[in-house]
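Readers should treat all values here as calculations from the given coordinates under stated rules, not as data from a laboratory. On a predicted model such as this, the values are computed, not experimentally measured, just so you know. Cβ placement follows ideal geometry from the backbone for every residue including glycine, while neighbour counts extend to all protein chains displayed.
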Amino acid sequence: MRDDKANVIVDKSFQFALEVVLYCEVLEENRKFVLSRQLLRSGTSIGANVREAQNAESKADFIHKIKLAAKEADETEYWLLICKNTPSYPFDEKLLSHVHELIKILSKILSSSKSN
């Protein structure tokens, strides 16, 4: 059952998804459709998997969903690095900083979940 009290990873991953949506709109305005779609899928999937983990049926299910979120975060970092290193792409450094923060939090959640 989901617990609706404040949850840092749920909140941060949701806020990040909103930032990604806005950034992808900028990419689309600049006709960068392929990367925009890839980034939109992976960047919003982080929060979706974190949210699913809140309703996990077991500890193993929780760990699996958090691992999926971590994989999506890693993929999102990849697409953001491509955008950053392509001179013709607009880029916002705070997105990369935010995904790095999510990766660290997800990694900590995984390590503490596995050790318990």
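With the Cα gyration tensor of the stretch 1-56 giving a ≥ b ≥ c as the square roots of its eigenvalues, does the rule (a/c under 1.5 for rounded; else a/b larger than b/c for prolate; else oblate) give rounded, prolate or oblate? Display every interim value, and only then the final one.
Details: a/c = 5.08, a/b = 2.52, b/c = 2.02.
Verdict is prolate for the stretch 1-56.
Mind pulling the angle between the C-alpha long axis of helix 8-29 and the longest principal axis of the chain? Nearest 10 degrees, somewhere in 0 to 90.
Helix 8-29 sits at roughly 20 degrees to that axis.
How large is the Kirkwood hydrodynamic radius of the chain, counting all unique pairs of alpha carbons, in Å?
Details: mean 1/r = 0.0689 Å⁻¹.
About 14.5 Å for the chain.
How many lysine pairs are close in the chain, with Cα atoms under 15 Å apart and the two 8 or more places apart or on different chains?
14
If we sort 76-89, 54-67, 11-24 on the protection proxy, mean other Cβ atoms within 10 Å, highest first, what's the order?
On the way: 76-89: 15.6, 54-67: 14.1, 11-24: 17.6.
Packing order, densest peptide first, comes out as 11-24, 76-89, 54-67.
Residue by residue, what Karplus-based ³J(HN,Hα) values in Hz, rounded to whole numbers, does the stretch 78-90 have, using 6.51, -1.76 and 1.60 with θ = phi - 60° and x for Gly and Pro?
4, 5, 5, 5, 4, 4, 4, 9, 9, x, 7, 9, x
Using a 10 Å cut-off around each Cβ, can you sort GLU25, GLU93 from fewest to most neighbouring Cβ atoms?
Values: GLU25 12, GLU93 9.
Arranged by neighbour count, lowest to highest, GLU25, GLU93 become GLU93, GLU25.
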